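Read the figures in this text as sums done on the coordinates, not as results from a lab. None of these values were measured; they are calculated from a predicted model. Cβ placement follows ideal geometry from the backbone for every residue including glycine, while neighbour counts extend to all protein chains displayed.
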Amino acid sequence: MPLIVLLLFAHDSRLTTHDSFANVELMNVHGESMEMEFNLYDPGTETIVDYSKYGTFKEAGTDQYEYRVTNRKRLAAAVGEGVYPNNSVYQDPIYRMLLTKGRLAGSQWDYVTIEDQILAFYKWASAHDTPAVQQFYTALALEKLGQTEQAIKGYYAILVHFPKQVGWTIWHTPLYMSRMAMDRIEFLTRKHPELGIKLVEASVTVENGYNASIADDRFTVNPGKLVKVNPSELKPRWINIHKLPVLKTVGQEPVQLIQYENHHWELRVKGKPFMVKAVAYSPTPIGKTPDEGYSLDSWMTTDLNGNGQIDGPFDAWVDKNKNNRQDADEPAVGDFRLMKEMGVNTIRLYHHAGNKELLRRLYKEYGIRVIMGDLLGMYAVGSGAKWFEGTDYTDPVQQERMKESVRQMIQEYKDEPYILMWMLGNESNYGEVGDVAKDKVGFGSQARTQPEALYQFANEVAGMIKEMDPNHVVVFSNGDTFLMDILAKHMSHIDVFGSNAYRGASGFGRSFWEDVRRFTDKPVLFTEYGCPAYYSGKSLELAELRQSEYHQGNWEDMLNNRAGYGVGNAIGGVAFEFVDEWWKAGAPPQFSPMVQETVGQFRADFPDGWMHEEWLGLLSQGDGSHSPYMRQLRKVYHYYKGVWNE
């Protein structure tokens, strides 16, 4: 579908790969290649630093928090290399050798996406950037080098010394480094329970921290402390929610949301717990593009081979040996069957549908339900607005057009047994009007400059849906948590906080789950998440591995925060997407829908530091010679086939 996936709250505008190389290649005196193992020159005297011995904490838990160092020399000795205020990196013989050989030349940002994390560590440890940013990327390099305890010390130093400092994304939105550091500590201590380290009592909240400005930010900081615990305390613990009183029930049978006394949320279908295991499905044939009339639901009727069956759902076949031809042992199986075998229980449709009978068959024969969507003016769909004027959410005429579009959807599909829920918008808060003259990407919407109007209108439409159909819940698709504080004021009829989120291979961060609970107290559905299977300069096999690792980290984070675990507000997600689309990089003449482009669209937290929108599929179309039928299964498909069928 015609969307641009945005990453507003990535780790930074320039992000890292997930490769960890603990050796750096140099030449010896004979000109022969040699590798050097990484070891910290100065690991510090304390694994868990007692900051109270080296300074004083003031006003913890308030907006006046600060830490005053009283013995800088002893603190530096305690924390060790790469952790503020230690500067022993300048005495490190390896650093001095690399510096002499010119291996650390250039900007520190050039070292974020390199493979060699030794170079990244020394560059960032000696960089001159915003202290919190420098400390974060130094700790990240340590993490990738397997120096987990030192990395935890580095992240914690941000909470102690620089909790109010920010970095910036390429979208000119702030990155709250201390909150990101807390997320990394929580992730590492959970991933490595054998260390027996836990962060307790830590909290950083940022009032007015969900917009693009920091002028009105107000921080409340408690750095907490790192403590030694039994490793068993760090493993996810299950709470038997079904023994708890029910706080709230949303919706009627067959689809309901149940909130328990501990504020955990559970989605139930026909009375049974239901975790959404969904994919975005829009199998666009190579060479086709919405810019030239191939609509959002064209795949539902396309029968290019004239055999009386819809192409993708029933005629797709798997190129098992990836030789880009159909061998005798590779019969047509269809995408619907491949989805069922993978464990998919839901597909997301972005804007209505064009073939009821096809969806009935999807549900009856394969047991797969549908999240039915209306874009609600995003990309100017449904509002009648011109693309470069964009949907105006204050215009009564455009509002009525959008309402009528939604009414038609509800009337047409509300009694269909395959409907799981209704979805409004698609990362709609990112909407802005494009300017061709300035080569600016546009979204056919004025939502970004009209957030209050957008959210008020979306809530009004959700209320209309509930009147027409009380049997299904309503989701609004936001872009990450951007402007969530405004959305939270307008969710009386919106049942689920939906989020298109692309935050990295470790998941979404505990702060994400806690923020959604704090502001909305609604369940979370990831309306998109995913990773490209392209890695510049590397093999497709390695790229597929990184893609699979990314999805695994995201899905495990959802499981660790579903009802009964963690914050308890995850109800599942929509993996983006089932199969590659080759038109996504941009419009002709610069880009062609006949070519799978390898140019990165924008910086993001993906394997090579770039978003590659034409490589997001869990399956590929191979070399494109048999589109729209040929499918090549990527590693991530097999990952989901294992975990979604458990």
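Magnitude of the Cβ-charge dipole of the chain, K/R +1 and D/E -1, about the Cα centre, nearest 20 debye?
Taking the Cα centre of the chain as origin, the dipole is about 1680 debye.
Roughly how big is the stretch 344-500's charge dipole about its Cα centre, with Cβ charges of +1 (Lys, Arg) and -1 (Asp, Glu), in debye to the nearest 20?
The calculated dipole for the stretch 344-500 is roughly 420 debye.
List the residues, sorted by chain then number, that are 5 or more residues from Asn478 or on another chain and whose placed amide H is less than 5 Å from its amide H.
Counting only residues 5 or more places away or on other chains, the set is Glu427, Gly498, Ser499, Asn500.
In whole percent, what relative contact order does the chain give with Cα contacts below 8 Å and a gap of six or more residues? Walk me through the numbers before you get to the answer.
Values: 1417 pairs, mean separation 91.8, N = 646.
Relative contact order of the chain: 14 percent.
Rounding to the nearest 20 debye, state how big the charge dipole of the stretch 326-419 is about its Cα centre with +1 on each Lys and Arg Cβ and -1 on each Asp and Glu Cβ.
Here the stretch 326-419 has a charge dipole of around 340 debye.
Hey, can you rank 624-634, 276-286 by average C-beta count inside 10 Å, highest first? Don't skip to the end; give the middle numbers.
Details: 624-634: 20.7, 276-286: 24.4.
Final packing ranking: 276-286, 624-634.
Can you classify the stretch 314-367 as rounded, prolate or oblate using the Cα gyration tensor, where a ≥ b ≥ c are the square roots of its eigenvalues, rounded means a/c under 1.5, and otherwise it's prolate if a/b beats b/c and oblate if not?
prolate
Using a cut-off of 15 Å between beta-carbons, work out the net charge of the residues near Gly308 (Lys and Arg +1, Asp and Glu -1, Gly308 not included).
-3
Just name one of Leu234, Ala151, Pro93: the one whose Cα is farthest towards the positive end of the charge dipole of the chain (beta-carbon charges, Lys/Arg +1, Asp/Glu -1).
Leu234
At q = 0.19 Å⁻¹, what log₁₀ I(q)/I(0) does the stretch 344-500 have when each alpha carbon counts as one equal point scatterer in the Debye sum?
Computed log10 I(q)/I(0) values: -1.13.
Counting only residues 5 or more places away or on other chains, whose amide H sits under 5 Å from the amide H of Val433 once H atoms are built in the peptide plane?
Phe443, Ser445
List, in order, the whole-Hz ³J(HN,Hα) value for each residue of the stretch 169-176 obtained from phi through the Karplus relation with A = 6.51, B = -1.76, C = 1.60 and θ = phi - 60°; use x for Gly and Pro.
8, 5, 8, 6, 10, x, 10, 8
Note the full-extension length gain between Glu201 and Glu233 as 0.36 nm times their separation in residues minus their Cα-Cα distance, in nm to one decimal.
So the chain would gain 10.0 nm between Glu201 and Glu233.
Over the stretch 344-500, calculate the relative contact order: mean separation of alpha carbon pairs under 8 Å at least 6 apart, over the residue count, as a percent.
22 percent
What is the gain in length, in nm to one decimal, between Trp168 and Val246 on full extension, counting 0.36 nm per residue of separation less the C-alpha to C-alpha distance?
Gain on stretching Trp168 to Val246: 23.9 nm.
If we count every other residue with Cβ under 10 angstrom of Leu359's Cβ, Lys/Arg +1 and Asp/Glu -1, where does the sum land?
Summing Lys/Arg as +1 and Asp/Glu as -1 gives +3.
Of Gly600, Val69, Ser178, which is farthest towards the positive pole of the chain's charge dipole, taken about the Cα centre with +1 and -1 on the beta-carbons of Lys, Arg and Asp, Glu respectively?
My answer, from the dipole projection, is Val69.
Tabulate in residue order the Karplus-calculated ³J(HN,Hα) for the stretch 464-472, using 6.51 cos²θ - 1.76 cosθ + 1.60 with θ = phi - 60°, rounded to whole Hz; enter x for Gly and Pro.
Coupling constants for the stretch 464-472: 4, 4, 5, 5, 7, 8, x, 8, 9 Hz.
Over the stretch 23-234, calculate the relative contact order: mean separation of alpha carbon pairs under 8 Å at least 6 apart, over the residue count, as a percent. If you can, show how the numbers build up before the last one.
Working: 358 pairs, mean separation 35.6, N = 212.
It rounds to 17 percent for the stretch 23-234.
Grab the Cα-Cα distance for Phe57 and Met594, subtract it from 0.36 nm times how many residues apart they are, and report the gain in nm with one decimal.
187.2 nm
Name the shape class, rounded, prolate or oblate, that the alpha-carbon gyration tensor gives for the stretch 121-163, where a ≥ b ≥ c are the square roots of its eigenvalues, rounded holds for a/c under 1.5, and otherwise prolate holds if a/b is larger than b/c and oblate otherwise.
oblate
Ordered by packing density, taken as the mean number of other Cβ atoms within 10 Å over each peptide's residues, highest first, how do 208-219, 380-391, 489-500 rank?
489-500, 380-391, 208-219
Could you tell me, in Å, what Rg and Dmax come out for the Cα atoms of the chain?
Spelled out, the Cα radius of gyration and Dmax of the chain are 25.3, 80 Å.
Nearest-5 percent of antiparallel DSSP beta bridges in the chain?
The antiparallel fraction comes to roughly 50 percent.
Once phi is turned into ³J(HN,Hα) by the Karplus curve 6.51 cos²θ - 1.76 cosθ + 1.60 with θ = phi - 60°, what whole-Hz value does each residue of the stretch 109-126 show in order, with x for glycine and proline?
5, 6, 9, 6, 9, 6, 6, 7, 6, 5, 4, 4, 4, 5, 5, 6, 5, 10
Put +1 on the Cβ of each Lys and Arg and -1 on the Cβ of each Asp and Glu in the chain; which of Val49, Asn561, Gly251 then has its Cα farthest toward the positive end of the dipole?
The residue sitting farthest along the positive end of the dipole is Val49.
Ranked from highest to lowest mean number of other Cβ atoms within 10 Å per residue, what is the order of the peptides 150-159, 570-579, 557-566? Please list the in-between numbers first.
Details: 150-159: 27.6, 570-579: 25.4, 557-566: 21.5.
Answer by packing, highest mean first, reads 150-159, 570-579, 557-566.
Can you compute the helix-only [θ] at 222 nm over the chain? Use -39500 (n - 2.57) per DSSP H run of at least 4 residues, normalise by all residues, nearest 500 deg cm²/dmol.
So the helix-based figure for the chain works out to -8000 deg cm²/dmol.
Net charge around His551, counting only other residues with Cβ within less than 13 Å of its Cβ (Lys, Arg = +1; Asp, Glu = -1)? Working shown, then result.
On the way: positive: Lys277, Arg503, Arg546, Arg634, Lys635, Lys641; negative: Glu528, Glu544, Glu549, Glu556, Asp557, Glu577.
Charge balance near His551 sits at 0.
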